[in-house]
Amino acid sequence: MARVTPIDTAYFKGERAGDFAVIGSAVPRSDARGHVTGRTVFFEDMTLPEMTHVKIHRSTRHHALIDRVDVSGALEVPGVLRVITHEDVPNNWYTVLRLIGVGPDDEPVLAEDRVLYRGEPIVAVVAETEEAAREGAARVAVGYTDLPAVLDVEEALADGAPIIKQAGTNHFVYEGHHCRRIRFGDVERGFAEADRIIEGRYSSSPIEHAPTEPTGCIVVPQGDGRLRIHTNTQAAFFTLDNTALILGVPPTSLRVVGGTVGGGFGGKVDVIVEPLACLAAMLTGRPAKYVFSRAEEMQVSSPRAAERISIKDGVMDDGRIVARKITLYVDAGAYSRHSPYGTTKAAAHMPGPYTIPNVHVDAYCVYTNRTPSSAMRGFGVTIGDFALESHMDHVARELNMDPLRLRLKNAYRDGDMKAHRKIASGTALVEVIQSAADLVGHDLPPEYRAMSSTERSEG
Amino acid sequence: MLTSVQTPGSPEAARAALQAGAVPLGGGTSLMARLNDRAGGDLRLVSLRRAGLSGIDVQGDTVAIGAATTLADIEDDARLSYLSGCVRSIASPPVRSLATVAGNLFVPQPYGDLAAALLALDAELDVLGADGARREPLERVVTDGLRAGDLVTRVRFAAPAEDTFRFHKASRRRLNSGSIVTVAARITIEDGLVADIRLALGGLARRVMRAAGAERVLLGAPLNAEVVARAAEADVIEPFDDAYASAWYRARVYPVHLRRALLGA
Amino acid sequence: MPSTIVTIELNGTDRELIARPSTTLLSALRETFGLMGAKRGCAQGGCGSCTVLLDGRPVVSCLIPVVTVDGSAVETIEGLADGERLDDVQQAFVDHFATQCGFCTPGMIMSATALLNRKPDPTRQDVTEAICGNVCRCTGYEPIITAVLAAAERRRGDPAVPTPTVPTPTVPTPTVPARPAPTEAEV
């Protein structure tokens, strides 16, 4: 269709072999017909006999010791079948990334003696109807002793800050280090040689994915003893393996049915609803549904992490950036989830798509008493890019230089060594900037037009 | 938990149900949203959908709107075109098909933009109570509420003369968003001076409020930026924090939106 | 909790159900009649995923106790197509890539249908206002608005409408019974 931009064949002529029949053309979506007729089956689109419903009693405190949990009120509600506490969870402690060797297991499925964020699950209530489950959850009584809460990444790392994590530090430990580090060249020598130093500080708030379909699942006990999990997870095998580990059952006793997600954006890669719904199904012998309310989706589903990023550049008057030092804090919230990995990605992404000879990065994965953050579209990279590109504009203004030329001058080229010791290939940044300049009618002098990502000329 | 939903066929039957302790259900766009999400004790509802309370009657300048008339009905009625901007600023079409006039009078702020408009139009309410029918100024009802068991059956007001009604709402998005500041006014200018003014505000207190202080500043004065700026200082407002805006922001931008409502820029 | 027998005209056919006081129109459609097109996205009237037509008006079905609409006519996404032949709005959504995850699509199409039923020749602004209560987190709305305008032209039989260049999907659509709710045996 006309609105599809045709492929710009002016660049990389030698690399294009064969005819592209699909790229650059409009191909009908195979799922569209199901969507427009309402026939696409999402996880919740089934009614099952004997379905039970799971609702959660959640922490009302940011950080507190739990003195007392009284479930008797919940059990008195007509229709409530049973309550689930941490004592019912076979392996209550987990962290999703343990599947790839990340540890320690720092998060309880249900809180034990303390809560680390407002909204943390404490008791699950299983009932005949959603209303009864909701009523039951509301009638659980929890006694707390409040502890000082840490709600800011830099306060969490300050001397004397209350340590909120049982592992003993308010930061994730990377192979014995307090942060994920990148060391490339000698950044202090770079600063000494630079014509000027240009600094900036950038920060972001948590961002909620707000999928139109809330996170949830339906678990159906099978005749052969297995559990069939209908879920909108974006990570079927993460869910399968983590759920099996939490339940203490072989993975073969679970079957995940997924693939249709009513908006995910990374918000459905944690393993939150499935273990408790499985437990509810195991304990009642009936199908169990656990789906977030919209309020839960906003309050307790993990958002994109808030980040705070300081950038210090050593810059030559001609626009070459010769040193870049970055201190980056990722607010993981109360538990790790995917943030230790996201922080590593953030570090590896620095100093952006630019070749800078001296780079120094300290990227901290910090715990606070906020809702645990996790994956969201390009997590670890997106906020970093916001900071980096804001800073590039800042540098251009300071130098009174065209921001596109500043970027072209510093853009990485194929074959360059990146700060984390990977060789850059297929970079194409130079050509993308040139093409973008054409599209918006932005003049570039011939020497910038002549630049190429495949060969480095003196810039 | 919802233990019953009655659908009485007359105002009298609806009132009797209220008297017996049931809670009135208009379009349900506020109440049902709460019930869908929150636990609470047992609750009986009385739906006004079939109680004969819908309809719009215009006789000359006199307008009477049934309490259960939907916002969509008002939107569609060419005789009430001066309310169109207000109504279309409220929620979205599938909500306006349900939401009722009387419901809008009692929703918590920052909703209730129609209530602000009706307050500016000096509306009166027909109320059916234990002692029979009576009429109450809307201004008193939004301040003091109604007695338990009272049923609003109709909203009455005089249609504003042409080009004398102003409605301006500041919101985070242009469509389908709660109010940051709402200004509704009935205003007449004669010989360059404000000859009649009635001003109502939303988003600036826990209830819609009449800006009596601003009215005093404006009445008899020329309508210009300096006078409007003084009028914006003349009332005690008690704005609040919510997901749409902070109390600070609401207070800060109220003068701007009063100016835009009255001067158009 | 007393239950009530409620009759609604559902996509042109009178249907009865036994409703509890708390049964919403949405839960009646989904759980009693197995019509899963209307979705529960927020249960707050805020996302529009549950939009259906009630006596011709678009409504958020999650906020309506079904006992209050006894005797009303309800139209859902399942009532639009004529057998396997999509109606103009559905076809336009397919042709103009107005779907992505698909969760908002049924509600969006019902809001668009309500608009076109009342206003056959809407402006772009009319479409924007008509769908302002239907949240889509995937598309950014532009292809949806384009699709609704294209559907309006197609409905009017405007000869200027270009034939869509996108062919009908060659992937065979599974034939699903009129009540597509999966049963225990199917899933």
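The values are calculated or read from the model by the stated rules, or taken from the named source; none is laboratory data. This structure is a prediction, so every number in the text was calculated from the model and none was measured. FYI the Cβ positions are ideal-geometry reconstructions off the backbone, even for glycines, and counts take in every protein chain you see.
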Which of the residues belonging to the stretch C:110-133 are β-branched (Val, Ile, Thr), under 15 Å from the mean Cα position of the chain (by Cα) and more than 11 Å from every other protein chain (Cβ to nearest Cβ)? C:THR113
In this structure, is B:ARG154 at pLDDT below 95, away from chain C (no Cβ under 14 Å) and under 25 Å from B:MET32 (Cα atoms)? no
Please determine whether any residue of the stretch B:121-129 is in a loop (DSSP other than H, G, I, E, B), touching a residue at least 24 places away in the same chain (Cβ under 8 Å), more than 25 Å from B:VAL23 (Cα to Cα) and within 13 Å of the chain's Cα centre (by Cα). yes
Residue check, B:ALA116 against (1) among the hydrophobic types (A, V, I, L, M, F, W, C); (2) assigned to a helix (DSSP H, G or I); (3) on the phi > 0 side of the Ramachandran plot, all met but one. Which one? (3)
Name the pairs whose Cβ atoms lie under 8 Å apart, with the first residue in the stretch A:153-165 and touching a residue at least 60 places away in the same chain (Cβ under 8 Å), the second buried (at least 18 other Cβ atoms within 10 Å of the Cβ) and in a helix (DSSP H, G or I), and 6 or more positions between them or separate chains? A:ILE164/A:ALA156
When the residues of the stretch B:96-112 are filtered to those that are in a loop (DSSP other than H, G, I, E, B) and small (Gly, Ala, Ser), which remaining residue is farthest from B:LEU204 (Cα to Cα)? B:SER97
Hey, does the stretch C:46-66 have a residue that's more than 14 Å from the chain's Cα centre (by Cα), of a type in the set (Gly, Ala, Ser) and crowded, with 23+ Cβ neighbours inside 10 Å? no
Any residue at all in the stretch A:96-106 that is outside any helix (DSSP H, G or I), surrounded by 21 or more Cβ atoms within 10 Å (Cβ to Cβ) and under 26 Å from the mean Cα position of the chain (by Cα)? yes
Report the residue count in the stretch B:1-52 for those that are assigned to a helix (DSSP H, G or I), over 28 Å from A:VAL77 (Cα atoms) and of a type in the set (A, V, I, L, M, F, W, C). 3
Would you mind finding the one in C:THR32, C:THR4 that is in contact (Cβ under 8 Å) with a residue 12 or more places away in the chain, β-branched (Val, Ile, Thr) and touching a helix residue (DSSP H, G or I) at 6+ places or on another chain (Cβ under 6 Å)? C:THR4
Conditions (1) at the interface with another protein chain (Cβ under 7 Å from one of its Cβ atoms); (2) in contact with a strand residue (DSSP E or B) (Cβ under 8 Å, 6 or more places away or on another chain) -> B:ALA39 fails only (2)
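Per-residue answers, yes or no, for (1) modelled with pLDDT under 95; (2) of a type in the set (Lys, Arg); (3) surrounded by fewer than 21 Cβ atoms within 10 Å (Cβ to Cβ); (4) touching a Leu at 6+ places or on another chain (Cβ under 8 Å):
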site: B:THR164; (1), (2), (3), (4): no, no, yes, no
site: B:HIS168; (1), (2), (3), (4): no, no, yes, no
site: B:SER171; (1), (2), (3), (4): no, no, yes, no
site: B:MET209; (1), (2), (3), (4): no, no, no, yes
site: B:ALA221; (1), (2), (3), (4): no, no, yes, yes
Might you check whether a residue that is over 27 Å from B:ARG38 (Cα atoms), more than 20 Å from the chain's Cα centre (by Cα) and in a strand (DSSP E or B) occurs anywhere in the stretch A:131-142? no
Does the stretch B:184-198 include one or more residues that are surrounded by fewer than 20 Cβ atoms within 10 Å (Cβ to Cβ), touching an Asp or Glu at 6+ places or on another chain (Cβ under 8 Å) and over 28 Å from B:SER81 (Cβ atoms)? no
Go through the stretch B:79-91 and give me each residue that's away from chain C (no Cβ under 14 Å) and surrounded by fewer than 20 Cβ atoms within 10 Å (Cβ to Cβ). B:ARG79, B:LEU80, B:SER81, B:TYR82
Hey, A:GLU15 hits all of (1) away from chain C (no Cβ under 14 Å); (2) in contact with a helix residue (DSSP H, G or I) (Cβ under 7 Å, 6 or more places away or on another chain); (3) at pLDDT below 95 but one; which does it fall short on? (2)
Segments classed as strands (runs of 3 or more DSSP E), wholly inside the stretch A:216-323, with at least 1 members that are buried (at least 24 other Cβ atoms within 10 Å of the Cβ) and away from every other protein chain (no Cβ under 11 Å): A:216-221, A:227-231, A:288-291, A:307-315
Lone unmet requirement of (1) over 28 Å from A:THR243 (Cα atoms); (2) over 30 Å from the mean Cα position of the chain (by Cα) for A:HIS35: (2)
Which residue pairs have Cβ atoms under 8 Å apart, sit 6 or more places apart or on different chains, and have a first residue in the stretch A:68-87 that is under 28 Å from A:ASP146 (Cβ atoms) and a second that is assigned to a loop (DSSP other than H, G, I, E, B) and polar (S, T, N, Q)? A:VAL69/A:THR85; A:VAL71/A:THR85; A:HIS86/A:ASN92
Could you pull out the residue among A:ALA137, A:ALA124 that is within 14 Å of A:ARG58 (Cα to Cα) and in contact with a Leu (Cβ under 8 Å, 6 or more places away or on another chain)? A:ALA124
Answer with yes or no whether A:GLU50 is more than 34 Å from the chain's Cα centre (by Cα), of a type outside the set (A, V, I, L, M) and within 14 Å of chain C (Cβ to nearest Cβ). yes
Taking the condition farther than 29 Å from B:GLU12 by Cβ and either in the same structural domain as B:HIS257 (by TED's automatic domain parsing) or of a type in the set (Gly, Ala, Ser) (or both), does B:ALA130 pass? no
Among the listed residues A:GLU213, A:GLU199, identify the single one that is over 19 Å from A:LEU388 (Cβ atoms), modelled with pLDDT of 95 or more and among the acidic types (Asp, Glu). A:GLU213
For B:ALA33, state whether it is within 14 Å of chain A (Cβ to nearest Cβ), among the small types (Gly, Ala, Ser) and surrounded by 17 or more Cβ atoms within 10 Å (Cβ to Cβ). yes
The residue that is nearest to the chain's Cα centre (by Cα), considering only those in the stretch C:69-93 that are without any contact (Cβ under 8 Å) to a residue 60 or more places away in the chain and buried (at least 23 other Cβ atoms within 10 Å of the Cβ), is C:ILE77
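A quick yes/no check of all residues on (1) assigned to a loop (DSSP other than H, G, I, E, B); (2) more than 27 Å from C:ILE77 (Cα to Cα); (3) more than 10 Å from every other protein chain (Cβ to nearest Cβ):
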| position | (1), (2), (3) |
| --- | --- |
| A:GLY24 | yes, yes, yes |
| A:PRO28 | yes, no, no |
| A:VAL36 | no, no, no |
| A:HIS57 | no, yes, yes |
| A:VAL77 | yes, yes, no |
| A:VAL83 | no, yes, yes |
